[in-house]
Amino acid sequence: MTTPHKQSVPSLRMRMGWLHAWIGFIAGLLLVCIFVTGTMSVFDTELTHWMQPETPYAQPGIPSAEALDKAAAAVTAQEGKKNRIFLSLPSDRDPLLHVTYMDHDVFKSETFHPQTGQNVPLRETVGGLFFFSFHYTLYMGRMFGVIFVQVLAVGMLATLGSGVIIHLKALLPNLVAFRPQSSSPRPWIDAHVIAAVLFLPFMFMIAYTGVLIHANRFFPNTAIERPNRGGPGRNGHHQMPSLPPLAPLLTDAAETFGADRLGFIQFSPKTVTVVRADNTKIGISRDHIDYDRVTGERIELVSKNSPAARTSQFLSGLHMARWAPVPMRWFYFISGCAGYVMFATGLVMFLIKRRRTATQKNSLPMEIAEGLALGTVLGMPLACAGVLWMNRLLPAGLPTRVTIEGSTLFVLWGALTVHALGRAFGRKVMKGWIEQSSLLSLLLCLLPVLDLATRWKWIAGQDQTVYAAVDLTAVVLGLIALRLSVVLKRKTGATASLSGPSFSKEIVS
Amino acid sequence: MTMLTASLLLNLVLWSLALGCHARLQSGWQRRRNWSPSRLVQQLMQAGRAILPVLGLILSTLLAGSAGVIGWVASASVGGVLVALTDAWRAPPKAKSRQPSRRLSAQEGAI
Amino acid sequence: MAFSSYYLPRLLIAALLAYPAGLVVATFLPHLLHMPRPDSFFVAQVGAVIVVPTTVLTIFGTRSLWGGLLAAVAVIAATMLIALPLAAFGPQ
């Protein structure tokens, strides 16, 4: 016989359920956005390519001496006034030569054709790196932003752990059971469990390695000596020696790393460093060869090979997927989409449950929660699609286009959240879901039309693979959004007679 | 086609078959489709569910090393989604609406 | 939407304890490992990152709060013990 005290203690499943629901909801509101931008970052180079439709066709390979000389001249011109400059070497994903530098916290680059050495005039754009930066900093600074994202990732680990305990009994039997025809909330639970359980190894890996990549910020180590970064020349107060010819350096480095395994070149007052490409093995080793900046002689090959260093490189590489060839990248992309589905369905189920049990149906916190969920689940993908549209609609030569493109994400996201909150306060949040999903499907399905209309001038002679892949993916995602809006419309129609058409109530019915 | 791509495709097929067997072995699936497999078919599906992924792991390790193992894990997830979507697509129309099951209520209640 | 009074103290204690638990592992484990400092610190971080969510789950997993606190301390000790064999794989 159980005592009254014992009866009042919630079961393990209930305790974990509470933790899963609340941490999952609060962290999930932002983790949805992190997953959306992270999924896009899997193809960041390709997105940059799409956002610069003038990009000409070029063969990857070691650039010609002429091209390297022109790039070296651009490096010299930028040195002395910029903090960080590096020369990206051609690769399969990006066959052009880029001199990239930091200008007021924004990466800018001059591009050269790797064979002819001609300057390639590409429009300035935030590119795929914008989504990548948002993914791990939320644009809240490289210190606070990164730590904040790490806290969210730890929250995700706790949510995953508690989720496994909750769904333990149904874990194996329901592994591939998806019943969209069943009455709600069964389809939501099925989608949530499928996305979470089938992709559980990916979810744990991505959250864990995500924290570990910048673990020095989460658990700072003051005992490690930091390299002296304030040396002469870095801040532009000292004269930098002229660069040696880069072609012989690359030929020498290619003998060590391989001709197609050269990543980028860094410059310091004393050395020129050729770094191995990240796509050569799973671990991001950043093996490099230092050359004397004046004579061009090889100084040393630097490679961290201790088991702990290799483990660290492996875990970083696993998260960043820079090693992954195109098919594997698609698997990362699909897994990222599954993460989005997991959080989106989790947020919806949280609202369904709370709306059902809410004693005061018009409570303000419930409406705020419904508005915020809509503003992130559909608002963030819409804002990202808006950036792609803005990229093509703005004049190519507009000086402030980088600022406008970047601002589009935040302005649109804010506006859509305000719209969602407005619909939630007006007790028409379902209408908000239909409106935003319809708009999302419209923006994504029409993206190929926009692409063709604004790329027509340069289309001849271009490799169409990247453009076709981006456009087709947009159409597929747009059709999914369209299907969602149709289903929601049907549900709304079926429950039109019910009073107080809140999203949760309508979905439940 | 690289070895990694080949092993990815191979694993996708093997995992889809294995998870398809897993779905068909569930009593809920059999009840919904009104299907009762013979003992031999059940044993074959049980064997397939266990052997096919192991075969995939061995082949992907041989073909693509550690990258193959990562691909093997990733294929399981994508293969599972393929099986789930195919089964949902081919599901028979719902006969009648029922009250949510006790398991469903418990699962939902925990969330 | 009200927070349950049963769960709130647990959440607060978990939030207060989880990060320091990880910090303890990240601070003390490198001293126990005979490896170069960056390597030993990385091994410690690997354990510390696991400790943070595990502490939260442990505090919520036990029936009584005191039991949860004791179990959380056990988790930290176990992580340090499990991480010690990792010292074997590093060169001096």
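Worth pointing out:
- Qualifying residue in the range A:359-381 (condition: under 30 Å from B:G79 (Cβ atoms) and either in contact with a strand residue (DSSP E or B) (Cβ under 7 Å, 6 or more places away or on another chain) or within 14 Å of chain B (Cβ to nearest Cβ) (or both)): no
- Considering each residue of the range A:475-495 in turn, at least one proves to be modelled with pLDDT under 95, hydroxyl-bearing (S, T, Y), in a loop (DSSP other than H, G, I, E, B) and out of contact with any strand residue (DSSP E or B) (no Cβ under 9 Å at 6 or more places or on another chain).
- Taking the range A:203-218 as the range and being crowded, with 21+ Cβ neighbours inside 10 Å and not β-branched (V, I, T) as the test, the residues that pass are A:M203, A:A207, A:Y208, A:G210, A:L212, A:A215, A:F218.
- Of all residues in the range A:64-72, none satisfies being touching a Cys at 6+ places or on another chain (Cβ under 8 Å), in a helix (DSSP H, G or I) and farther than 19 Å from A:D463 by Cα.
- Every residue from the range A:121-142 that is within 17 Å of A:T39 (Cα to Cα) and in a helix (DSSP H, G or I): A:G127, A:G128, A:L129, A:F130, A:F131, A:F132, A:S133, A:F134, A:H135, A:Y136, A:T137
- Checking C:Y6 against (1) at pLDDT 85 or above; (2) within 11 Å of chain A (Cβ to nearest Cβ), the condition it does not meet: (1)
- Hey, A:G141 free of Cβ contacts under 8 Å to residues at least 60 places away in the same chain and surrounded by fewer than 22 Cβ atoms within 10 Å (Cβ to Cβ) or not: yes
- The range B:18-33, residues that are surrounded by 16 or more Cβ atoms within 10 Å (Cβ to Cβ) and over 8 Å from the mean Cα position of the chain (by Cα): B:R24, B:L25, B:Q26, B:W29, B:R32
- The numbered conditions (1) aliphatic (A, V, I, L, M); (2) crowded, with 16+ Cβ neighbours inside 10 Å; (3) outside any loop (DSSP other than H, G, I, E, B) are all true for A:I284 except (3).
- In the set C:P38, C:P30, only one residue is over 21 Å from A:H20 (Cβ atoms), more than 7 Å from chain A (Cβ to nearest Cβ), free of Cβ contacts under 8 Å to residues at least 24 places away in the same chain and out of contact with any Gly (no Cβ under 8 Å at 6 or more places or on another chain); that residue is C:P30.
- Any chance A:L412 is in contact with a Phe, Trp or Tyr (Cβ under 8 Å, 6 or more places away or on another chain), modelled with pLDDT of 95 or more and part of a helix (DSSP H, G or I): no
- For the range A:422-437, the criterion of a residue being in a helix (DSSP H, G or I) and surrounded by fewer than 16 Cβ atoms within 10 Å (Cβ to Cβ) is satisfied by at least one position.
- Residue, nearest to A:S133 (Cα to Cα), within the range A:43-57, restricted to residues that are in contact with a Ser or Thr (Cβ under 9 Å, 6 or more places away or on another chain) and assigned to a loop (DSSP other than H, G, I, E, B): A:F43
- So A:I404, is it within 14 Å of another protein chain (Cβ to nearest Cβ) and surrounded by fewer than 19 Cβ atoms within 10 Å (Cβ to Cβ): no
- Qualifying residue in the range A:174-183 (condition: part of a helix (DSSP H, G or I) and either within 11 Å of chain C (Cβ to nearest Cβ) or more than 15 Å from A:H319 (Cα to Cα) (or both)): no
- Qualifying residue in the range A:235-245 (condition: modelled with pLDDT under 95 and outside any loop (DSSP other than H, G, I, E, B)): no
- Residues in the range A:289-327 that are assigned to a strand (DSSP E or B), touching a residue at least 12 places away in the same chain (Cβ under 8 Å) and surrounded by fewer than 21 Cβ atoms within 10 Å (Cβ to Cβ): A:D290, A:D292, A:R298, A:I299, A:L301, A:V302.
- The range A:334-346, residues that are within 11 Å of chain B (Cβ to nearest Cβ) and over 11 Å from A:F202 (Cα atoms): A:C337, A:V341, A:T345, A:G346
- Residues that are under 23 Å from A:V429 (Cβ atoms) and touching a helix residue (DSSP H, G or I) at 6+ places or on another chain (Cβ under 6 Å), drawn from the range A:464-493: A:L477, A:G478, A:A481, A:L482, A:L484, A:S485, A:L488, A:K489, A:K491, A:T492
- Matching residues, the range A:103-120, being in a strand (DSSP E or B) and within 16 Å of A:G406 (Cα to Cα): A:D103, A:V106, A:F107, A:K108
- Members of the range A:14-28 that are touching a residue at least 12 places away in the same chain (Cβ under 8 Å), over 22 Å from the mean Cα position of the chain (by Cα) and facing chain B (nearest Cβ under 10 Å): A:M16, A:G17, A:H20, A:A21
- Within the range B:44-85, being touching a Gly at 6+ places or on another chain (Cβ under 6 Å) and without any contact (Cβ under 8 Å) to a residue 40 or more places away in the chain holds for one residue alone: B:T61.
- The single condition among (1) in a helix (DSSP H, G or I); (2) touching a residue at least 40 places away in the same chain (Cβ under 8 Å) that A:W330 does not satisfy is (2).
Quick grid of which residues meet (1) assigned to a helix (DSSP H, G or I); (2) out of contact with any His (no Cβ under 9 Å at 6 or more places or on another chain); (3) crowded, with 23+ Cβ neighbours inside 10 Å:
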| site | (1), (2), (3) |
| --- | --- |
| C:S5 | no, yes, no |
| C:L11 | yes, yes, no |
| C:L17 | yes, yes, no |
| C:L29 | yes, yes, yes |
| C:V43 | yes, yes, yes |
| C:V49 | yes, yes, yes |
| C:V75 | yes, yes, no |
| C:A78 | yes, yes, no |
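- Taking the numbered list (1) crowded, with 21+ Cβ neighbours inside 10 Å; (2) of a type in the set (F, W, Y); (3) out of contact with any strand residue (DSSP E or B) (no Cβ under 8 Å at 6 or more places or on another chain) in turn, A:F112 passes all entries but (3).
The values are calculated or read from the model by the stated rules, or taken from the named source; none is laboratory data. In this text the structure is predicted, and so the values were computed from the model without any measurement. Please note: Cβ atoms are built from the backbone with ideal geometry, for glycine as well, and neighbour counts cover all protein chains shown.
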